[in-house]
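Beneath this line is the structure, given in structure tokens, with notes to follow.
The numbers here are math on the coordinates, done by the rules we state, and not lab data. None of the values given here were measured: they were computed from a predicted structure. Cβ atoms come from the backbone with ideal geometry, glycine included; neighbour counts cover every protein chain shown.
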Amino acid sequence: MTILNTFRERGFVQQITHETLEQKLQEGPICCYTGFDPTANSFHIGHLIPMMGLAHLQRAGHKVIVLLGGGTAMIGDPSGKTEMRKMLTEAQIQQNIDQLKEQFSRLVDFGSNGILVNNAEWLRSLNYIDFLRDIGRHFSVNRMLSFETYKMRLDTGLSFLEFNYQLLQAYDFLELYQKHGCLLQLGGDDQWANILSGIDLLRRVEQVEAYGVTYPLITTASGKKMGKTEKGAVWLDAEKTSPYEYYQYWMNVDDVDVKRFLALFTFLPTEEVEQLGALEGAEIRKAKARLAFEATSLIHGESAALEAQSAAQALFGGSRQNLENVPTTPISSDRLAEGMDLFATYQETGLCKSKSEARRLLAQGGIYVNDSRVDTEGFQLNMEHLQEGGILLRAGKKRYHRLVIQ
């Protein structure tokens, strides 16, 4: 079974440029790549599909290239965007690249069949006149404007800077073919036009057949964008989204998403995915727990996953024991003795984005201190609320945070 069969079986395929890719994969290992622009210092769950895709490819014996766009990030990809991206400095981009490489190394082994490249290596030294003459002449403006990527931006405004992005991504593909023999590009379905342009450039310049595969853009059963919560994006950086919060994200997915997410976001065998996905009723919690543990282990390591699992069991198992792994905020005893405004504390701990949101949550009956619901405004936390050196706060049914005396 080729990697393409595995991709189809696990739900990774949205579009394929050539059906002959199946035959090409049967002939032996292929070199493939996916590009990521380092516009932030952390990946989030929305990046996991292409990251997992490369990990599957490497495990199947193919050579994988992670391209971090230190050059293209200076422009910004207009794909799927309604407005121009914020411009970043070179220093910001390099700092992002350093952190993203570390995150990617948890899934891809950067060794003999896995490398990381930065397209600034070749894009920053391009001569503009030579680039227009040698590369630009292969692109039709009429064809580019026919792609949905650009059509959706014409009404709101598309800068000439962004219009060049497709040429640069296509040039990346050409560069990677010439240096590494790369013949396959993978990306989200919003990258379809860019991938096609790269394939066409390779055909015109090198007279070779290259290939492209796009992944589906994942949404949850409720129709929300994958990885979005009340607090915003679910990041892979433990400082932005703690391992416990990451674990809880997977525990709280909709029941109907569990089987699909087990196939996409873990390396569990498909037989086990089928078995877990078939669980119903109260048993589905077992499947969610396996999903949460496997997904958290991949990104944060088994030790962090075990700690998150222990914290979840302490909070939701009814015993209220072993709370040391619950997300915490240290406070001084003097501060608590003076009295702490509850709304301000909920904002400080991240349980609410603002005091006004905390006030609305109280009105809805969703604020709890040590499992007792609070229903009066002006509530102050003080030393009387300490239980075994801490105070357990809850927002709604499932979000907890603990204040501990330092």
**Q.** Percent of beta bridges antiparallel (DSSP, the chain, rounded to nearest 5)
**A.** 50 percent
(Q) What's the ranking of 183-195, 282-294 by average number of surrounding C-beta atoms within 10 Å, highest first? (A) 183-195, 282-294
Q: Could you tally up the Lys pairs in the stretch 1-121 with alpha carbons closer than 25 Å? Skip any pair fewer than 8 positions apart unless they're on separate chains.
A: 4
Q | Reachable aspartates and glutamates from Lys179, criterion Cα separation under 15 angstrom, eight or more residues apart if same chain | A | Glu121, Glu206
Q.
Quick check: net charge around Gly277, other residues with Cβ under 15 Å of its Cβ, Lys/Arg +1 and Asp/Glu -1?
A. -3
(Q) Less than 15 Å apart at the alpha-carbon level, and either on another chain or at least 8 residues along: which aspartates and glutamates does that give for Lys224? (A) Asp254, Asp255, Asp257
Q) Each label point is 7 Å from the Cα along the Cα-to-Cβ direction; what then is the distance between the points at Phe316 and Asp375, in nm? A) 2.7 nm
Q: Tell me which label goes with the value of P(r) over Cα pairs in 20 Å bins from 0, in percent computed from the coordinates here: (i) 26, 55, 19, 0; (ii) 29, 63, 8; (iii) 24, 49, 24, 3.
A: (iii)
**Q.** the chain: angle of helix 284-300 to the longest principal axis, Cα-based, in degrees nearest 10
**A.** 60 degrees
Q: Pop a pseudo-label 7 angstrom from the Cα along the beta-carbon direction at both Ser222 and Thr6 and give the gap in nm to one decimal.
A: 3.3 nm
Q.
List residues of the stretch 370-406, by number, whose backbone nitrogen lies under 13 Å from a label position 7 Å along Cα→C-beta of Ala363.
A. 377
**Q.** Pairwise centroid distance, computed over Cα atoms, of the stretch 322-354 with the stretch 367-406, Å
**A.** 8 Å
Q: Go through the stretch 106-146 and name the trypsin sites (Lys or Arg not before Pro) that are in a DSSP coil and have 13 or fewer other Cβ atoms within 10 Å of their Cβ.
A: Arg124
Q. Can you sort Thr6, Thr72 by how many other beta carbons sit within 10 Å, fewest first?
A. Thr6, Thr72
Q. Given the Cα-Cα distance of Glu274 and Lys355 and 0.36 nm per residue of separation, how much length would full extension add, in nm?
A. 24.7 nm
